[in-house]
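J.: Quick one: the structure is below, questions incoming.
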């Protein structure tokens, strides 16, 4: 699609201007973007109302409507996130490695922007602003495909951001939307080899799998989290219960929420009746194996688990629960079913924690802490553009550094290779 | 193809054993592999003779036959490379980042093996050994597809390496070949999602493009180098000539050899007649623009350049030469035609060097040094598995660290997210 290629070419050209911009210029632009969003609040809320109306008549769920909805207060929170980005250090220019070689060649490996970042996501207008801010701070142009449900909101937001950039002397084309070209536009973005340096899909498993299969540009897979909590025989059970409840219920519908609980058989009798009662109080439906069902108190909401339950990312008040014979079976279960996002062990046994950390092959491994901490903000990376579940380039929360690449700079004085 | 998936599954299982092996175990295995190769030298040379016979009757060029040929001496050099790998630090376990958060959570981002590395390459049996050694040292299993021309040599080599691993108590299936399943086997490897963590193609542009298009597993693109040398108006011309000759002729047929020379118009009159004469002495055919042709001395081998010449990676004693109006036109030419591998500026002007370094978007940028230094060994990384020309994960020479990923390890004491 020629229009989307033209968008990508303009992004590439604009990215060159930004690549050599200093931090002060970028931070001033982030503040200008934040101010402009707040000033344009009423206009954004009006456009958002049109999206919400369309959503309601299309039968959109209350949960999705809530994610889509913007108010002046929410816009101010979103704008504050841009100001927080301005306060973070600039990843560009960091010397990752450097040395002088025996022959006198001086080497530096520098962090530099990728160039053009593509983002395909679903109806959450705050992601439009987050992605634009992260891309700008890391020196990249961004091309946004936000999905039709938020099209009116996103159109106004992108316009406001582009105008703010122009006012600060930067190209407005650093932030462009391709929503106008629908699905064919999204496909064209996935095929824009040589123009799009990395494409980040963010949303449900279907969206992510479509992008991974279809794209010929480099992609970073994000976010599917079939997350496990293992309660070891030596776990401090007074700690284990609050951690489990936090991991499952502090926020459902997010990728770092727990989806499966594994309990060591030695403590199942003691832990599960209390845990299942507390989960029931919190409104959680348990999908349990036979041993779990046998230990469930009367008030617990328990249904039998199938293999499908071990594989599922519920994103709801559901939890699969299985009793295991020990650490080996827990690790084996995780190897078979995990999506490689986050797993936690609750234990007081040093060797068990060390084996779990070494042998579980996931982006994040927690010891005696909630899985909900796998989050760029919580781990001190600042904002995040997504949580990578792949091993190439970025693994776990992706912050500013993950939106950069490196460049070798070599200074000599007439050096030739012998 | 079920056989290749079974190979990949065995590799995955074997990789788990290796992931937690300590450096001493891995280094001892590397030495055992080196010793076994030398001991099996006569058997390898015999198998290699069969490959060479087949190559000759298929009309293989002398250059390719030379790359394919093994002798006891060459095998000893290849074995020494394994011993040098043993002497390098272990990338696994390195703490990349770490801190204690205000809430007391202790974070470490650790370097861990990828798991299973796939390698698709062409008739060079030394790559079989290099790839196996690099994978082992970085804690990964490797699946090798070496191409039919070297099939007999590779079969014996892989067998010898696997036996050496078994003798040291490691799974022989850490090093497996899929040559027996031909092209369909290679395609199956490209599609082994969830089993192959990264696939590295190494060879000609056609091979690499096929893998990039076809693969659904993560791929790192390597090696195509349309490399530029820019002689600025302030260049030290006494340095410029040896650097140019080194970059073009020290070894042709490699990706970091120069393919295009750009000369600032202000020094073209002085530099080009001498440079073209020296290039002619070195047997180089120049493909020049009009200004270059006009400045060529009688003895120079000069033909007119077309756009095709600006785009080509000759990998031969050919060089495209163009006179440019200055730094801007040089950078613009490089933006349009470079493959993003390596470019060099020869200059005494600090601002010109800084602009060139900042604005040229390539994996390596040289100032007053030969482009031939873009090489893992030369840049002090130890061995390399290829030179990445993409921006994701690895850019430039890929050593041991580039064959690893990271894992967040978080220790708490009952921490939950507020």
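Here, each number is a calculation from the coordinates, and none is a lab measurement. Fair warning: this is a prediction, and the values are worked out from it, not measured in the lab. All Cβ positions, even for glycine, are placed from backbone atoms using ideal geometry, and neighbour counts span all protein chains on display.
J.: Using only atoms on other chains, find how many Cβ atoms lie within 10 Å of each Cβ of peptide A:360-370 and report the average. Walk me through the numbers before you get to the answer.
T.: Working: counts 1, 11, 2, 4, 6, 6, 7, 7, 7, 12, 7.
Taking the mean over all residues of the peptide, I get 6.
J.: Shortest first and in nm to one decimal, what separations exist between residue B:299 and its copies in the other chains, measuring from label points 7 Å along the Cα-to-beta-carbon line?
T.: Label-point distances to the other copies, shortest first: 10.0 nm.
J.: Here is a follow-up. Helix B:125-137: angle to the longest alpha-carbon principal axis of chain B, degrees 0 to 90, nearest 10?
T.: 60
J.: Then there's this: Just need the relative contact order of segment B:288-418 here, percent rounded to a whole number, with Cα pairs under 8 Å and 6+ apart. Mind dumping the intermediate values first?
T.: Working: 135 pairs, mean separation 19.9, N = 131.
Once normalised by length, the contact order is 15 percent.
J.: With a cut-off of 8 Å between alpha carbons and a minimum separation of six or more residues, what is the relative contact order of chain A in percent? The partial results should precede the final answer.
T.: Details: 856 pairs, mean separation 73.6, N = 418.
It rounds to 18 percent for chain A.
J.: Alpha carbon centre of segment B:188-207 versus segment A:380-418: separation in Å?
T.: First find each Cα centre; the distance between them is then 22 Å.
J.: What value, in deg cm²/dmol to 500, does the helix sum -39500 (n - 2.57) over DSSP H runs of n ≥ 4 give at 222 nm once divided by the residues of chain B? Could you put the intermediate results ahead of the total?
T.: Numbers: 15 runs with 186 residues, N = 418.
The helix-only estimate for chain B comes to -14000 deg cm²/dmol at 222 nm.
J.: Give the peptides A:261-267, A:123-129 in descending order of average Cβ contacts within 10 Å, highest first.
T.: Working: A:261-267: 21.0, A:123-129: 23.0.
Descending mean neighbour count gives A:123-129, A:261-267.
J.: Using the basic label-point model (7 angstrom from Cα toward the beta carbon), what is the residue B:303 to residue B:61 distance in nanometres?
T.: About 1.4 nm, to one decimal.
J.: Whose Cβ in chain B comes nearest the axis that rotates B onto A, and by how many Å?
T.: B:393, 2
J.: If you don't mind, there's one more thing I want to ask. Using the 10 angstrom Cβ neighbour count as an exposure proxy, how do A:156, B:219 rank, fewest first? Walk me through the numbers on the way to the answer.
T.: On the way: A:156 21, B:219 24.
The fewest-first ordering by Cβ neighbours comes to A:156, B:219.
J.: So how tilted is helix B:205-214 from the main axis of chain B? Cα-based, degrees 0 to 90, rounded to 10.
T.: 50
J.: Expressed as an acute angle from 0 to 90° and rounded to the nearest 10, what is the orientation of the C-alpha long axis of helix A:23-39 relative to the principal long axis of chain A?
T.: In chain A, helix A:23-39 runs at an angle near 70 degrees to the longest axis.
J.: Copy-to-copy spacing for residue B:57, label 7 Å out on the Cα-to-C-beta vector, in nm, shortest first?
T.: 7.6
J.: If you project the alpha carbons of the protein assembly as shown onto their three principal axes, what span does each projection cover, largest first, in Å?
T.: So the extents along the principal axes, rounded to whole Å, are 98, 70, 43.
J.: Could I ask something else about it? Give me a single rounded figure for B:72-81: the average over its residues of other chain Cβ atoms within 10 Å of their Cβ.
T.: Numbers: counts 0, 0, 0, 0, 0, 0, 0, 0, 0, 0.
The per-residue average across the peptide is 0.
J.: While we're here: Diagonalise the Cα gyration tensor of chain B and give the resulting equivalent ellipsoid semi-axes, square root of 5 times each eigenvalue, largest first, whole Å.
T.: Numbers: eigenvalues 339, 167, 66 Å².
Result for chain B: semi-axes of 41, 29, 18 Å.
J.: Same structure, new question: Averaged over all directions, how much area does the convex hull of the C-alpha atoms of segment A:142-206 cover when projected, in nm²? Could the numbers behind the result be given before it?
T.: On the way: hull surface 20.0 nm².
If I average the Cα hull's projected area over directions, I get 5.0 nm².
J.: Just need the relative contact order of segment A:227-373 here, percent rounded to a whole number, with Cα pairs under 8 Å and 6+ apart.
T.: Numbers: 289 pairs, mean separation 49.3, N = 147.
After rounding, I find 34 percent.
J.: Quantify how strongly other chains surround peptide A:378-385 by giving the mean number of their Cβ atoms within 10 Å of each of its Cβ atoms.
T.: Average per residue, whole number: 3.
J.: Sticking with this one: Taking Cα centroids, how far is segment B:1-41 from segment A:235-276 in Å?
T.: Computed from Cα coordinates, the inter-centre distance equals 38 Å.
J.: Further, regarding this structure: In nm to one decimal, list the spacings between the residue A:377 label point and its equivalents in the other copies, with label points set 7 Å along Cα to Cβ, shortest first.
T.: From this label point to the equivalent ones elsewhere in the assembly: 5.1 nm.
J.: For residue A:281 and residue B:23, what is the calculated FRET efficiency with R₀ set at 51 Å and r taken between the beta-carbons, to the nearest 0.05? If you can, show how the numbers build up before the last one.
T.: Numbers: r = 50 Å, r/R0 = 0.98.
Given R0 = 51 Å and the Cβ-Cβ separation, E is 0.55.
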